[in-house]
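A.B. asks: Below: one structure in structure tokens.
The values are calculated or read from the model by the stated rules, or taken from the named source; none is laboratory data. Everything quoted here is computed from the prediction, not taken from an experiment. Positions of Cβ are backbone-derived with ideal geometry, glycine not excepted, and every protein chain shown enters the neighbour counts. Just so you know, the surface numbers come from the protein's heavy atoms only, side chains and all, with ligands and any DNA or RNA stripped out. Shrake-Rupley method; radii C 1.70, N 1.55, O 1.52, S 1.80 Å.
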Amino acid sequence: MANGLGYSKPVNIAIDGPAGAGKSTLSKMLAARLGYIYADTGALYRAIGLFALRNGIDPSDADGVSALLCKTVIEIKFKDGSQHVYQSGEDVNALIRSPEVSMAASQVSAIPKVRAFLLGLQKDLAAKNNVVMDGRDIGTVVLPDAKIKIFLTASPEDRARRRYDEMIARGDTADYNKVLDDIKKRDAADSGRETAPLKPAEDSILVDTSGFELDKSLELLISIVKEHLT
Ligand code: DC
């Protein structure tokens with residue numbers, strides 16, 4: 001596929017990092033600037049976390065969740081450039097951002113069969129499209145040959161503050177200390193799991209956005225991308 005940059009294959013940009021580092025906001029903005037698709041892989045784990053909760057299965061029960069996988073189909077579709085995740089044909093985008101589903105997503109994501117179940121879908125998307133894909137294992141497992149790999153991080157307090165502000169802006173109620181506590185718990189779970197733990201790929205570029213406004217982080221990412229794509 002020609003992509004206007006002289007590359008014969010689609011260009012893949014992998015953005016990994018812990019919860020609340022600004023990955024989704026920044027990846028979405030970066031993709032828009034580049035004219036690429038933005039793929040949020042966390043939404044896939046969230047859809048499976050939601051499916052487990054709906055079926056009364058403990059999201060940390062590996063056998064129970066694995067047995068559920070053959071009972072659903074998870075799909076990604078793009079509407080006006082924005083990603084929608086479908087679970088068994090239902091658009092679940094509006095249902096997957098609650099704290100319960102966040103925790104369930106983190107739990108199901110530690111299950112090897114869940115990761116294997118979602119791998120093909122993610123690889124396929126990147127094989128067909130210029131994409132900015134964000135997640136935890138994109139540079140290490142999903143797209144080890146990505147053209148650019150960025151590991152985006154920030155202090156837990158900065159990340160909790162951003163998550164808290166997002167929740168308040170959405171009209172949700174939130175308690176900063178609870179958000180911070182959840183972030184620390186998810187960090188420990190995502191980094192400590194055996195399968196595809198959160199860690200920077202050896203060839204990734206580390207970007208720490210602690211104390212940065214969004215615009216400054218975006219400009220930094222754009223300058224990294226420009227440097228590596230030319
Ligand atoms: O990015 P997020 O917060 O929406 O992700 C939800 C959970 O899914 C997160 O706790 C870890 C997991 N996840 C993962 O294990 N691998 C990915 N590529 C993306 C998310």
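A.B. asks: I'd like the full set of residues that are surrounded by fewer than 24 Cβ atoms within 10 Å (Cβ to Cβ) and part of a strand (DSSP E or B), limited to the stretch 3-37.
C.D. replies: Passing the criteria: only 37.
A.B. asks: Something else now. Only one of (1) aliphatic (A, V, I, L, M); (2) open to solvent by less than 10 Å² (accessible area, probe 1.4 Å); (3) within 12 Å of the ligand (Cβ to nearest atom) is not met by residue 131, so which one is it?
C.D. replies: The number of the failed condition is (3).
Yes or no, residue by residue, for (1) small (Gly, Ala, Ser); (2) over 30 Å from residue 113 (Cβ atoms):
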{"residue": "164", "(1), (2)": "no, yes"}
{"residue": "171", "(1), (2)": "yes, yes"}
{"residue": "181", "(1), (2)": "no, no"}
{"residue": "190", "(1), (2)": "no, no"}
{"residue": "196", "(1), (2)": "yes, no"}
{"residue": "211", "(1), (2)": "yes, yes"}
{"residue": "222", "(1), (2)": "no, yes"}
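A.B. asks: Follow-up. Go through the stretch 28-58 and count every residue that is more than 11 Å from the ligand (Cβ to nearest atom), over 12 Å from residue 87 (Cβ atoms) and of a type outside the set (D, E, K, R).
C.D. replies: Of the residues in the stretch 28-58, 11 are more than 11 Å from the ligand (Cβ to nearest atom), over 12 Å from residue 87 (Cβ atoms) and of a type outside the set (D, E, K, R).
A.B. asks: Within the set of pairs 6+ apart or on separate chains, which have a first residue in the stretch 159-171 that is within 10 Å of residue 19 (Cα to Cα), a second that is charged (D, E, K, R), and C-beta atoms under 9 Å apart?
C.D. replies: Pairs found: 159/187; 160/181; 160/182; 160/184; 163/182.
A.B. asks: Same structure again: Between a first residue in the stretch 18-37 that is under 15 Å from residue 208 (Cβ atoms) and a second residue that is open to solvent by 30 Å² or more (accessible area, probe 1.4 Å) and more than 16 Å from the ligand (Cβ to nearest atom), which pairs have beta carbons less than 8 Å apart while being 6 or more apart in sequence or on different chains?
C.D. replies: 22/214; 26/214
A.B. asks: Quick check on the stretch 59-117: of everything there that is within 11 Å of the ligand (Cβ to nearest atom) and either without any contact (Cβ under 8 Å) to a residue 24 or more places away in the chain or part of a loop (DSSP other than H, G, I, E, B) (or both), which residue is surrounded by the most Cβ atoms within 10 Å (Cβ to Cβ)?
C.D. replies: Selected residue: 109.
Conditions (1) within 16 Å of the chain's Cα centre (by Cα); (2) over 15 Å from residue 137 (Cβ atoms), marked per residue:
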position: 52; (1), (2): no, yes
position: 61; (1), (2): no, yes
position: 65; (1), (2): no, yes
position: 82; (1), (2): yes, yes
position: 118; (1), (2): yes, no
position: 122; (1), (2): yes, no
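A.B. asks: Oh, and also: For a quick check of your reading of the model, give me the residue pairs whose first member lies in the stretch 209-229 and is within 18 Å of residue 32 (Cβ to Cβ) and open to solvent by 20 Å² or more (accessible area, probe 1.4 Å), whose second is part of a loop (DSSP other than H, G, I, E, B) and of a type in the set (Gly, Ala, Ser), with beta-carbon atoms closer than 8 Å and at least 6 apart or on different chains.
C.D. replies: Listed pairs, sorted by first residue: 214/22.
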